[in-house]
Amino acid sequence: MIRVGILGCGRIGQVHARSIKQIPGAKLVAVADVSADAAKACGTRFDAEVRDAADIIASADIDAIVIATPSSTHFDVVHAVAEARKAIFCEKPIDLSSSRVVACIRTVEAAGVPFMTAFNQRFDPHFSGLERRIRDGEIGDVETVTIISRDPSPPPVSYIRTSGGLFRDMMIHDLDLARFLLNEEPVKVYAVGSALVDPAIGKEGDVDTAAVLLTTRTGRICQISNSRRSTYGYDQRVEVHGSKGMLSVPNVLASLVESATASGFRKSVAQPFFLERFGAAYLAEMEHFIDAISNGRKPAPNADDGLRAQCIADAATLSWHRGEPVDIAYQ
């Protein structure tokens, strides 16, 4: 039985608590949050003790810790948990600075503890099924990957100020998914972006509408399109074209009921947001983490995967600022 503590009782912390409660080989022991009310509500909802974060990190009855605190805290928390010799499940990003991510990796490696970066989209049954069929050779050699990701609405500007920007915050999931599907590292990126949804986002020096073009050393191409506005639900689509054909994943709709009348065919909107669309993925990634540490295997995606996605996001941000393609520097 893997005994787990959660640091951070916000929306994503509660998602992980729900997953842990569904896994027979895991026990949610304790939760912590800077907000006493949030911690109490989460502890009551998921039948877990409420403790201070430092107590959870030091507790002998905790084997693994889920880091679901704000991104700006991850660096210090990762170091503290690694030094306490506990397995780590860390929400993305590990840190907004690639050099600080490298420092985290060194600390984790020195401690010899398992580390997993929470790129949940790899565990979506549709995306992982697509990746499996690519590896089985169904469409031959991959030539192009197209990823479309659009949120229903933008986050508050207060969030934008500390997010690290769209490329590091929102698109980083798609950058990891691109690596997952290409099975080859991108070496160059060209990024464009605008503030078309909320002018206040532009005033903060960020974008809410963006596209990147990634190329690999062998010439494979990935196109990613992001927007913080989608009037028809959470838009998540992937298409992979290869030498023998194509594989694609369309939107998962809120309802499968389709009507057909004299005025035409009608379908439902896409599912409302990430909690609904990727519910199965969140459970699957936590099952993978628990299974890996239960059986002495290294979980994946690991800290290096988190670093590589961050390096691509850094290069995309630089490309957007410069208005020209940028070589990706992996640390």
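Looking at segment 181-226, which of its residues are assigned to a helix (DSSP H, G or I) and either among the basic types (Lys, Arg) or surrounded by 20 or more Cβ atoms within 10 Å (Cβ to Cβ) (or both)? Give the derivation first.
Filtering segment 181-226 for residues assigned to a helix (DSSP H, G or I) gives 181-182, 199-203.
Answer for segment 181-226, where residues must be assigned to a helix (DSSP H, G or I) and either among the basic types (Lys, Arg) or surrounded by 20 or more Cβ atoms within 10 Å (Cβ to Cβ) (or both): Leu181, Leu182, Ile201, Lys203.
For segment 152-164, indicate whether the set of residues that are crowded, with 21+ Cβ neighbours inside 10 Å and in contact with a strand residue (DSSP E or B) (Cβ under 8 Å, 6 or more places away or on another chain) is non-empty. Checked segment 152-164: no residue is crowded, with 21+ Cβ neighbours inside 10 Å and in contact with a strand residue (DSSP E or B) (Cβ under 8 Å, 6 or more places away or on another chain). Among residues of segment 23-43 that are over 15 Å from Ile12 (Cβ atoms), those with a beta-carbon under 9 Å from a residue that is acidic (Asp, Glu) and in a strand (DSSP E or B) at least six positions away or on a different chain give the pairs Val29/Glu49; Ala30/Glu49; Gly43/Glu49. State yes or no: is Arg161 modelled with pLDDT of 95 or more and either over 21 Å from Asn251 (Cβ atoms) or assigned by TED's automatic domain parsing to the domain that holds Lys244 (or both)? Answer is no for this residue. Kindly establish whether Thr107 is assigned by TED's automatic domain parsing to the domain that holds Lys92, over 16 Å from Asp305 (Cβ atoms) and either out of contact with any strand residue (DSSP E or B) (no Cβ under 6 Å at 6 or more places or on another chain) or not in a loop (DSSP other than H, G, I, E, B) (or both). Here the answer is yes, as Thr107 does meet what is asked. Residues that are out of contact with any strand residue (DSSP E or B) (no Cβ under 6 Å at 6 or more places or on another chain), modelled with pLDDT of 95 or more and of a type outside the set (A, V, I, L, M, F, W, C) within segment 170-208 comprise His173, Asp176, Arg179, Glu185, Asp198, Pro199, Gly202, Lys203, Glu204, Gly205, Asp206, Asp208, listed in sequence order.
Under the condition of being in contact (Cβ under 8 Å) with a residue 40 or more places away in the chain and under 30 Å from Thr162 (Cα atoms), which residue from segment 236-254 is surrounded by the most Cβ atoms within 10 Å (Cβ to Cβ)? Only one residue tops the list, namely Gln236. Is it the case that some residue within segment 227-235 is surrounded by 12 or more Cβ atoms within 10 Å (Cβ to Cβ), part of a helix (DSSP H, G or I) and aromatic (Phe, Trp, Tyr)? No, every residue in segment 227-235 fails to be surrounded by 12 or more Cβ atoms within 10 Å (Cβ to Cβ), part of a helix (DSSP H, G or I) and aromatic (Phe, Trp, Tyr).
The values are calculated or read from the model by the stated rules, or taken from the named source; none is laboratory data. None of these values were measured; they are calculated from a predicted model. Ideal geometry is used to build each Cβ from the backbone, glycine not excepted, and the neighbour counts take in all protein chains shown.
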